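Worksheet: the structure to be examined is printed underneath.
What follows draws every value from the coordinates through simple rules; no lab data is involved. Keep in mind that this is a model prediction, so the values were computed, not measured. As a convention, Cβ positions derive from the backbone with ideal geometry for all residues, glycine included, and neighbour counts pool all protein chains shown.
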Amino acid sequence: MTLSELPSPIWPVVVLLAIQAGDAAMMLRPPRFIADCLEGVRLPRDWWWALTTAKAASVVGLVVGFWVPGVAMTTTAAIVVYFLAATAAHIRVRALSSTFWVNCLGMLLLSLGVLVGSFVRL
């Protein structure tokens with residue numbers, strides 16, 4: 001097994017990029033389902049800016065990673081870690097509604113799939 005420093009195929013990274021960009025944009029004025037999720041895991045409103053910043057940074061990292069070896073792979077791995085932390089936060093407070101199962105675990109599986117599918121060579 002080896003790692004590829006540039007994404008191949010590229011389309012899964014483009015899909016992840018589009019989702020992250022939409023998610024970062026929504027964080028500027030979070031819709032009710034996002035606000036409910038953040039409040040459900042008891043993340044103080046004063047810290048929501050950090051999520052917006054992290055999501056925006058992931059968009060930049062994925063874009064730069066199309067040309068700079070290792071950046072998209074590292075960014076995708078960081079997105080996986082972000083959703084692992086989000087999963088732990090949901091489990092910790094038992095916030096296990098459909099939002100958790102669809103959004104949080106869905107994004108964890110998607111980002112993990114992109115990491116393996118676009119950067120791991122068997």
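Observations on the model:
- Once the C-beta distance of ASP46 and LEU122 is scaled by a Förster radius of 41 Å, the resulting FRET efficiency is 0.40 to the nearest 0.05.
- Contact order normalised by residue count of the chain, Cα under 8 Å, 6+ apart, percent: 44
- Label point distance in nm, ALA57-LEU112, each placed 7 Å from Cα along Cα→Cβ: 2.3
- The long axis of helix 11-26 is offset from the longest Cα principal axis of the chain by roughly 30 degrees.
- Remark: the TRP101-SER4 segment gains 31.9 nm on full extension, using 0.36 nm per residue and subtracting the alpha carbon distance.
- Most mobile of LEU43, LEU17, LEU109 in a GNM of the chain (Cα contacts under 10 Å): LEU43
- Sequence-separation-based contact order of segment 71-122, relative, with Cα cut under 8 Å and 6+ spacing, percent: 53
- Gain on full stretching of the segment that runs from THR87 to TRP67 - 0.36 nm per residue minus C-alpha separation: 4.1 nm
- Principal-axis analysis of the Cα atoms of the chain puts helix 48-64 at an angle of about 10° to the longest axis.
- With a Förster radius of 25 Å applied to the C-beta separation of LEU28 and ARG94, the computed FRET efficiency comes to 0.30.
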